[in-house]
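Please read the structure below before turning to the comments.
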Amino acid sequence: MKHSFSILLLVILGVTCVFLTSCKKKSAGSEGGSASGATPSGIQKKLVIGTCAEFPPFEFFGADGSVQGIDIDLMSAIAKKLNMELVIENMDFNQIIGKVVDGTLDVGAAGITVNEERMKIVDFSTGYYSGCQVMIVPNHSEIKGKDDLRGKVVSVQSGATGESLAKELQLDIVSFPRASDAVLAVLHNNADVAIMDDEPAKRFQTKNSIRIKILPEKLTVEVYGLAVNKKNARLLDDLNRCLDEMTKNGELDAIFGKWMHN
Ligand code: GLN
């Protein structure tokens, strides 16, 4: 009797294991991000986004240690509309596009500038913001604009458009994984000027306004988009549909309104 009870218990455990494994497989199989919505079993599919949380106000670590900002609110709203579970992966900026290409990430959401070079390897959603590259210099710098950059040491973030621009201009470059480190290089006299996107530049400058300033000249105008794997046309459509809806109903403005004044 005792023996047959043990067998019954083993059978029940076995069936439970098989059931749990098949559930797990279903959710893992959904991580390609090729479609939106919940699975037939009711489990929400994951929307895995990659970002670099050193780029305020688009993404940064809040006081509670969570990743916050415009891109995060934007992607949370989109995930909700698509009935998907948002998963945020933090990494160096120069890893994001590669991970969208190899399928580790569904979306790159990191204030990513849409440009031709990137468009060869990933697709971009419609643009959701227009920014520009600016120069941060010490308050008493002799650099007044782009024409004074020759022969100076320029700090940039690796893989960012600021770096491409500095290379194009054939300047003497020092690259850092994070935009904040490029600013530190100027603060520590390891670089004469940092080139980066204007909104993060403003945030970094405000914290150190006694020592550094942003020059009024804008070096480029750039549009930010969400990066998606070229094979994931369905997700791209979903993102564009959500962005369109959010533009029309004011949700996007509300997100920008919340963070641009913080
Ligand atoms: N907009 C810049 C780019 O796409 C910088 C983005 C970033 O550092 N997060 O290269």
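Values quoted throughout were computed directly from the atomic coordinates according to the rules given, and no laboratory measurement underlies them. The structure displayed is predicted, hence computed values, not measured ones. In this analysis, Cβ positions are derived from the backbone assuming ideal geometry, glycine residues included, and neighbour counts consider all displayed protein chains.
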Practice prompt. Select from segment 184-262 those trypsin sites (Lys or Arg not before Pro) which occupy a DSSP coil region and have at most 15 other Cβ atoms within 10 Å, ordered by residue number.
Written response: R211, K218, K230, K231
Item to complete: Using only the alpha carbons of segment 132-221, determine the length spanned along each of the three principal axes and report them from longest to shortest in whole angstroms.
Response: 31, 26, 25
Worksheet, complete the sentence: Taking 0.36 nm per residue of separation between V174 and Q44 and subtracting their Cα-Cα distance, the length gained on full extension comes to 42.5 nm
Worksheet entry | Modelled label reach - S130, point 7 Å along Cα→Cβ, segment 192-231 residues with backbone N closer than 12 Å | 221-224
Worksheet item: Lysine pairs, Cα distance under 17 Å, 8 or more residues apart or cross-chain: how many in segment 56-181?
Response: 4
Worksheet entry | Diffusion coefficient, µm² s⁻¹, Stokes-Einstein with Kirkwood Rh over alpha-carbon pairs of segment 178-262 at 25 °C and 0.890 mPa s | 155
Worksheet item: Can you work out the FRET efficiency for the pair N189 and D92, with r the C-beta to C-beta distance and R0 = 25 Å, to the nearest 0.05?
Response: 0.55
Fill in: Inter-label distance for D253 and E117, nm, one decimal - labels placed 7 Å from Cα along Cα-to-Cβ
3.6
Discussion item. Using a 10 Å cut-off around each Cβ, can you sort I136, I88 from fewest to most neighbouring Cβ atoms?
Written reply: I88, I136
Worksheet item: If one computes the Cα centroid of segment 125-170 and of segment 205-233, what distance in Å separates the two points?
Response: 10
